[in-house]
């Protein structure tokens with residue numbers, strides 16, 4: 001399969017997913033059962049425990065191989081943990097990043113997360129209280145981006161980008 005036909009297939013599948021496939025599959029599950037065939041080589045599972053059976057390497061059986069339609073890397077792009085189809089390559093990536101997701105490591109991030117969330121809430125409250133009748137129109141998506149960028153800056157670079165404090169993106 002050429003790269004262009006692979007891309008066309010992905011675009012068609014993505015378009016279908018965003019437009020109607022999810023509704024159609026739900027109707028099929030309601031009409032038939034928890035497992036339905038939605039393509040010649042594709043099944044849909046409506047059971048939450050199916051996720052572990054399919055994707056988990058724990059237990060006696062290995063996980064099913066990842067589909068190249070969904071997980072293959074794009075030409076010219078580096079392989080990442082998300083695109084590593086080969087189980088050994090994926091395991092190597094996972095071993096490198098697993099310490100950052102251990103319970104102890106995640107718990108260490110709670111105080112900075114709380115600090116950014118408190119700062120975010122105080123900024124929103126201040127803006128809401130500044131309008132007439134203590135009401136204001138706020139672009140919440142922009143403020144969600146600010147808090148996210150600041151926290152990612154803290155995690156990745158050791159310092160905030162200052163979006164929450166400056167009410168804007170720092171051009172660096």
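Just so it is clear, none of the values below were taken in a lab; they were calculated from the coordinates. Note that the structure is predicted; figures quoted are calculated from it, not measured. Using ideal geometry, Cβ is built from the backbone for each residue, glycine included, and neighbour counts are taken over all protein chains shown.
Can you compute the equivalent ellipsoid semi-axes for the range 109-166, i.e. the square root of 5 times each eigenvalue of the Cα gyration tensor, sorted largest first and rounded to whole Å?
On the way: eigenvalues 116, 24, 12 Å².
Result for the range 109-166: semi-axes of 24, 11, 8 Å.
Note on residue 86 and residue 165: the model spin-label points, each 7 Å out from Cα along the C-beta direction, lie 4.6 nm apart. In this structure, residue 43 and residue 9 have a Cβ-Cβ separation that, at R0 = 22 Å, corresponds to a calculated FRET efficiency of about 0.75. For the range 23-172, the average shadow cast by the Cα convex hull is 15.2 nm², which is a quarter of the hull's surface.
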